[in-house]
1. Please state which one of SER142, SER121, SER193 is farther than 17 Å from PRO69 by Cβ and either assigned to a loop (DSSP other than H, G, I, E, B) or in contact with a Phe, Trp or Tyr (Cβ under 8 Å, 6 or more places away or on another chain) (or both).
2. For ASP147, are the conditions met, namely being modelled with pLDDT under 95, under 30 Å from GLY40 (Cβ atoms) and loosely packed, with under 15 Cβ neighbours inside 10 Å?
3. If only one of LEU158, LEU130 is part of a strand (DSSP E or B) and in contact with a Pro (Cβ under 6 Å, 6 or more places away or on another chain), which one is it?
4. Identify, by number, the condition in (1) in contact (Cβ under 8 Å) with a residue 12 or more places away in the chain; (2) exposed (fewer than 12 other Cβ atoms within 10 Å of the Cβ); (3) touching a strand residue (DSSP E or B) at 6+ places or on another chain (Cβ under 6 Å) that ALA139 doesn't meet.
5. Of all residues in region 156-203, count the ones that are open to solvent by 40 Å² or more (accessible area, probe 1.4 Å), hydrophobic (A, V, I, L, M, F, W, C), within 18 Å of LEU120 (Cα to Cα) and in contact (Cβ under 8 Å) with a residue 60 or more places away in the chain.
6. May I ask you to say which residue of ALA68, ALA22, ALA28, ALA39 is within 17 Å of VAL173 (Cα to Cα), open to solvent by 20 Å² or more (accessible area, probe 1.4 Å) and either modelled with pLDDT under 95 or not basic (Lys, Arg) (or both)?
7. Conditions: (1) open to solvent by 30 Å² or more (accessible area, probe 1.4 Å); (2) in contact with a Lys or Arg (Cβ under 8 Å, 6 or more places away or on another chain). LEU104 meets all but one. Number of the miss?
8. Specify which of the listed residues (TYR73, TYR93) is part of a strand (DSSP E or B) and buried (at least 16 other Cβ atoms within 10 Å of the Cβ).
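The values are calculated or read from the model by the stated rules, or taken from the named source; none is laboratory data. Not measured: the values here are computed from a predicted model. Every residue, glycine among them, receives a Cβ derived from its backbone with ideal geometry; neighbour counts consider all protein chains shown. Note: areas computed on protein heavy atoms with side chains; ligands, DNA, RNA excluded. Shrake-Rupley method; radii C 1.70, N 1.55, O 1.52, S 1.80 Å.
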Amino acid sequence: MKKIFATLLAASMMLAGVNAFAQISVGAGYVNSTSTSKAGDKKTSGDSNGFYLGASYNIGISGGLGLAPGLYYEMLGASDKGSLWAGSTTEHYVNVPVMVNYGLELMPDCTLFFYAGPTLSCGVASNTKLKVGGDKVSASTSVNNYDNDSYGRFDVMLGGGVGFNINRFQVKVGYNAGLLDRNSTDAIKMHRSEVHLGVGFCF
């Protein structure tokens, strides 16, 4: 117990020492997500597009090195249409990234930074609306995709990116690759990856 207390006290003192370098940033941006499914030798993929918004708290560690945990909301949408049917899927996620970053000051009030790390992604809702009957719709239905036990809510994504801080404004682009199989059946393996482009403001 004494060792645990000493460790927590030391960590608190270390965070207090770097707290002067702490910085909150809020941001939003565009997301393109690709889900790839593989059944045997056959591979299929589908794209969805949407946006994200949220905030992160960057803690300076040493020099240009920092650690930034965050909390973000993400919404994705996709649609598909056949000759006799049309479908659309909307998904909502809560993402918790923990990014290590390093900044290089190019000039006063202009910093180039790189970041990398894991993101815990949790699906909050996923619904598909299907209309059957071509131009003259004869039936429609809505399906909660998480009612299907084979479709998993959780993913751990690994990625990184690059960006600029100019004064208090931020622009960044990055990529994440899902590490977990989102389909629990043995016949199909499904992974998700995404590209994001966003802007932010630092306090």
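1. SER193
2. On the way: modelled with pLDDT under 95: yes; under 30 Å from GLY40 (Cβ atoms): yes; loosely packed, with under 15 Cβ neighbours inside 10 Å: yes.
Taking the combined requirement at face value, the residue satisfies it.
3. LEU158
4. That leaves (1) as the condition not met.
5. So in region 156-203, the residues open to solvent by 40 Å² or more (accessible area, probe 1.4 Å) come out as 156, 158, 162, 164, 166-169, 171-173, 175, 179-181, 184-189, 191, 195, 197, 199, 201, 203.
Narrowing the set further to residues that are hydrophobic (A, V, I, L, M, F, W, C) leaves 156, 158, 162, 164, 166, 169, 171, 173, 179-180, 187-188, 195, 197, 199, 201, 203.
Now drop any that are not within 18 Å of LEU120 (Cα to Cα), which leaves 156, 158, 179-180, 195.
Remaining after also requiring in contact (Cβ under 8 Å) with a residue 60 or more places away in the chain: 195.
So the answer is 1.
6. On the way: ALA68 fails: open to solvent by 20 Å² or more (accessible area, probe 1.4 Å); ALA22 fails: within 17 Å of VAL173 (Cα to Cα); ALA39 fails: within 17 Å of VAL173 (Cα to Cα).
Every option except ALA28 fails the conditions.
7. Failing condition for LEU104: (2).
8. Details: TYR73 fails: buried (at least 16 other Cβ atoms within 10 Å of the Cβ).
Of TYR73, TYR93, the one residue that is part of a strand (DSSP E or B) and buried (at least 16 other Cβ atoms within 10 Å of the Cβ) is TYR93.
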